[in-house]
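Enquirer: The structure is given below, and queries will be raised subsequently.
Derivation of every value follows stated rules applied to the coordinates shown; laboratory data play no part. Remember, it's a predicted structure, so these values are computed and weren't measured experimentally. Because the Cβ atoms are built from the backbone with ideal geometry, glycine has one as well, and the counts that use them run over all protein chains shown.
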Amino acid sequence: MKPRSPTLEGFRTIFLRPSFGFAEIAWRWSFGAAAGLLLVFSCYQYLDTLPVSKADLLLLRTAQPLLISRAVLHIFRGSTFRAVETAIVLALALGVAWIVLASLARAATLKALITYFRESGIPQENVKTSWRLRSLFALNLFRLATTLAAVVGCFAAILLGGAVSRPTNPAPGSALLIILTVLMLIWFAWSTLNWFLSTAAIFVVADGRDTFAAIADTVNLCRARPGSISAAAIWFGLAHITAFTVTSSLAAFPLGFAAILPPAAVLGGVLVVAFIYFAIADFLYIGRLAAYLAMIEFPDTPVTEVLPTQGSSPDPRIHSSPAIDQSELILSDLPATT
């Protein structure tokens, strides 16, 4: 029996079952649209609380940059606390909504993928359906916490770079080097933790593991099948880079006609290309999840039949296994010679 490639299974899944990709697009884009509308509404409510006097209106109508800046400073004076309060409330609301929606959506997509692989010939006893939704909530809470820590670390990197270059002793090159180095380390740590936490959701739904056991199983998967994981990461990464390169080239067409077309048409063309790229990225993400699930469900080594020995009849029920030592005398049908 020829072993099945998990990477090919991932690509095959998104081509044969595009409904998985469309489901991923549906919940991600729905949350993005809701978050955008909530952000716009919050900004509108915040701006509506700012007092604008007749003197401020007069300064704004002068069309003089200096007078306009003075009017804007006067309008926003004393509103910093309300802005911070609005940002905190908005961040908490969006964080809780994302945890709930991401957990429910990931549970639905993974259950559908498991059903698809079960129909593809995987034994049903290898698929467990007893799991708890709170484990997915915990994983997504950890992902949100790591993202928040990464954002704080980025601000800390900027402050650290600013502390190196002072007005009395300017060093812009050293400051830029420190900022870029720290940002790169933060991005690497965040992407690694986010990958482990997002991949652990597979073990929660497929094997019914709890939060920390699923993370441990993800680590064990990396130790057991590093080649398959590397292959999936490389091929799906190349596909992602290709999609980004192609869509970036397509976005240059409407920008090239910016002097001829109206701004609304140029902006619409760029947005259409951006949506195409985001859709391809969501399809590739589902394919990568399918590849990881295939690594768990498919055996890593092929099963081959034992060649019949001389004088014995072949028995198709007997198979060789890497776990069986064929040199053991107890497994031989020939008498041992002394």
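Enquirer: Once label points are set 7 Å from the Cα along Cα→Cβ at both Thr242 and Ala26, what is their separation, rounded to one decimal in nm?
Expert: Calculated label separation equals 2.8 nm.
Enquirer: Kirkwood hydrodynamic radius, computed over distinct alpha-carbon pairs, for the range 199-270: how many Å, to one decimal?
Expert: Its Kirkwood hydrodynamic radius stands at 15.7 Å.
Enquirer: What order, most packed first, do the peptides 199-209, 279-289 have when packing is the mean number of other Cβ atoms within 10 Å of each residue?
Expert: Highest to lowest by the protection proxy: 199-209, 279-289.
Enquirer: To continue, here is another question. Relative to the present Cα-Cα distance, how much length would full extension add between Arg166 and Ala231 at 0.36 nm per residue of separation?
Expert: Value of the extension gain: 18.7 nm.
Enquirer: Also, I was wondering about something else. Could you tell me the calculated FRET efficiency between Phe212 and Leu66, based on Cβ-Cβ distance and R0 = 45 angstrom, to the nearest 0.05?
Expert: Here the calculated transfer efficiency is 0.15.
Enquirer: Find how much the distance from Phe188 to Ser19 grows on full extension, using 0.36 nm per residue of separation minus their present alpha carbon separation; answer in nm with one decimal.
Expert: Length gained, Phe188 through Ser19: 57.7 nm.
Enquirer: Now for a separate question. Roughly how many nanometres apart are two label points built 7 Å out from the Cα toward the Cβ at Glu85 and Leu39?
Expert: 2.3
Enquirer: Moving on to the next point. Put a dot 7 Å past each Cα toward the Cβ at Thr181 and Ile276; how far apart are the dots in nm?
Expert: Result for the modelled spin labels: 4.2 nm.
Enquirer: Along the three principal axes, how long is the range 6-300 when you take its alpha carbons, biggest first, rounded to the nearest angstrom?
Expert: Result, largest extent first: 77, 48, 39 Å.
Enquirer: With just the Cα atoms defining each centre, how far is the range 234-282 from the range 167-233? Give it in Å.
Expert: Cα centroid to Cα centroid, the span is 28 Å.
Enquirer: Follow-up question, since we're still on this one. Over all distinct alpha-carbon pairs, what is the Kirkwood Rh of the range 10-166 in angstrom?
Expert: About 20.5 Å, per the Kirkwood formula over Cα pairs.
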